[in-house]
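Inspection log for the structure reproduced underneath, given as structure tokens.
The values are calculated or read from the model by the stated rules, or taken from the named source; none is laboratory data. These numbers were taken from a predicted model, which means no experiment stands behind them. Reconstructed Cβ throughout: ideal geometry from the backbone, glycine too, with neighbour counts over all protein chains shown.
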Amino acid sequence: MKLILLQVCILMFALSCSDNKKIPENILKPEKMEAVLSDVMMADALNQERIIRDSLLYISKENVSYFKKIFQLHAVTKEEFEKSIQFYTKRPDLMRAIIDSVSAVVSRKNKLLEEKKDSVTTKSDTLKSKLNGRNFKKITR
């Protein structure tokens with residue numbers, strides 16, 4: 001995920017920006033691009049984590065599968081997404097806004113996941129302490 005974000009940022013700064021702010025019809029609008037890109041980045045992060053856990057996994061097939069599902073979910077083709085990425089990387093002003101929004105979305109989702117993880121851990125610890133204090137009888141039928 002960090003690698004993709006770094007590449008996008010490098011492209012964004014390396015390419016010149018034009019004064020024309022009109023977005024062509026065949027390019028995803030910024031709101032839709034934000035949604036698709038955030039899902040793509042989260043899928044990539046998930047696969048990177050899976051590589052860390054199991055280095056024998058063939059992740060590129062998984063990535064393709066995830067990306068196809070993401071494109072289906074957002075009713076976007078791979079070609080539309082690629083053209084849109086190319087367009088926005090040539091427009092750093094627009095891409096910066098998209099990346100900032102995607103970053104905020106990913107941060108919020110990450111925070112929610114951490115809170116849920118902490119909640120589950122707390123409930124698990126509470127349950128363990130309650131069970132440790134009880135005297136269980138063997139159940140027979």
The condition of being within 22 Å of the chain's Cα centre (by Cα), modelled with pLDDT of 80 or more, farther than 20 Å from Glu49 by Cα and surrounded by fewer than 10 Cβ atoms within 10 Å (Cβ to Cβ) holds, among Ala75, Ala104, Ala97, only for Ala75
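Go through Ile52, Ile59, Ile27, Ile70 for me and flag whichever is exposed (fewer than 11 other Cβ atoms within 10 Å of the Cβ) and either at pLDDT 90 or above or more than 17 Å from Lys109 (Cβ to Cβ) (or both).
Ile52
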